[in-house]
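The values are calculated or read from the model by the stated rules, or taken from the named source; none is laboratory data. Predicted model, so just to flag it, every value in this text is computed and none were measured. Cβ atoms come from the backbone with ideal geometry, glycine included; neighbour counts cover every protein chain shown.
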Amino acid sequence: MQVRNVLNDAVDLLEFRDRVIKASLNYAHLVVSTSLQCYVFSTKNWNTPLIFDLKEGTVSLILQAERYLFIMFGGGIYLYSYEGRFISSPKFPGMRTDILNAQTVSLSNDTIAIKDKADEKIIFLFEASTGKPLGDGKLLSHKNEILEIALDQKGLTNDRKIAFIDKNRDLYITSVKRFGKEEQIIKLGTMVHTLAWSDTCNILCGLQDTRFTVWYYPNTVYVDRDILPKTLFERDAR
């Protein structure tokens, strides 16, 4: 694997004992899985990666948050620190890792969100540090089938938000900690094809119809929905 620094054009060549299966670069770390091992490189030092062995099964997904990395293989979900320490392994009835992907799983420093395949209107929420269901175990339930989910990355656990797109291509936002009348699922936009949160602040962006849209402060909808349009940036995406 070749790594090129786009700032100074420096090139590092990374060699592995076995065939590379998956790789992910984020939060100043490159995570590479081979058929037998996982390599964690710091972008400050490409020479001495942390290496730990993987159990049976091919890695099908790697996700990263600031504190943790998420690896899916062998029918299970496993969370590790960047030092290679095992953190947790969330499970739920009927879980099938073979059909999970980056659109149906999301990771933050404190929360793991997974869309249910048996009932695609449901999102399971887990504490990252323990792998246990979040809070009192309530599920996030929506009126329509959900296509894509994404957790915000910054701020306190009690303020953690999740955004998702449903089958009508409507974009919604809600809290992961409190559900019910006091914490509504609120629509942010329509005709949204994909979404992503910033890694450094809770700014949300997406492709909306033919426009690239940025919601600078999505939580505006909890204060005054009338001023939400004033917090948007839009540009033609064609």
Item checked: Only one of L79, L100, L134 that is in contact with a Ser or Thr (Cβ under 6 Å, 6 or more places away or on another chain), of a type outside the set (K, R) and in contact (Cβ under 8 Å) with a residue 12 or more places away in the chain -> L79
Margin query: On the basis of being hydroxyl-bearing (S, T, Y), touching a Gly at 6+ places or on another chain (Cβ under 9 Å) and in a strand (DSSP E or B), does T174 make the cut?
Written below: no
Notebook entry, point to check: Is region 215-226 home to any residue that is among the basic types (K, R) and modelled with pLDDT under 95?
Noted result: yes
Check: Among the residues of region 95-108, is there at least one that is out of contact with any strand residue (DSSP E or B) (no Cβ under 7 Å at 6 or more places or on another chain) and in a loop (DSSP other than H, G, I, E, B)?
Finding: yes
Next item on the list: Among the residues of region 215-238, count how many are farther than 18 Å from S108 by Cβ, of a type in the set (A, V, I, L, M, F, W, C) and surrounded by 15 or more Cβ atoms within 10 Å (Cβ to Cβ).
Entry: 3
Check: Since Y82 meets every condition but one in (1) over 16 Å from the mean Cα position of the chain (by Cα); (2) within 20 Å of T200 (Cα to Cα); (3) surrounded by fewer than 15 Cβ atoms within 10 Å (Cβ to Cβ), which condition does it not meet?
Finding: (3)
Margin query: What's the number of the only condition in (1) in a strand (DSSP E or B); (2) of a type outside the set (S, T, Y); (3) surrounded by 14 or more Cβ atoms within 10 Å (Cβ to Cβ) that E120 fails to meet?
Written below: (1)
Notebook entry, point to check: With respect to D18, is the statement that it is more than 24 Å from the chain's Cα centre (by Cα), exposed (fewer than 14 other Cβ atoms within 10 Å of the Cβ) and among the acidic types (D, E) true?
Noted result: yes
Next item on the list: Go through region 199-215 residue by residue and tally those that are farther than 14 Å from A163 by Cβ and not β-branched (V, I, T).
Entry: 5
Check: Do we find a residue being over 15 Å from the mean Cα position of the chain (by Cα) and under 19 Å from I186 (Cα atoms) anywhere in region 121-136?
Finding: yes
Note to self: Please return the ranges of strands (runs of 3 or more DSSP E) entirely within region 42-86 where 2 or more residues are in the same structural domain as K22 (by TED's automatic domain parsing) and under 20 Å from R17 (Cα atoms).
What the structure shows: 45-53, 68-73
Item checked: Among residues of region 61-77, those that are buried (at least 18 other Cβ atoms within 10 Å of the Cβ) and over 14 Å from the mean Cα position of the chain (by Cα), counted -> 1
Item checked: Filter result for I173 (within 19 Å of F92 (Cα to Cα) and among the β-branched types (V, I, T)) -> no
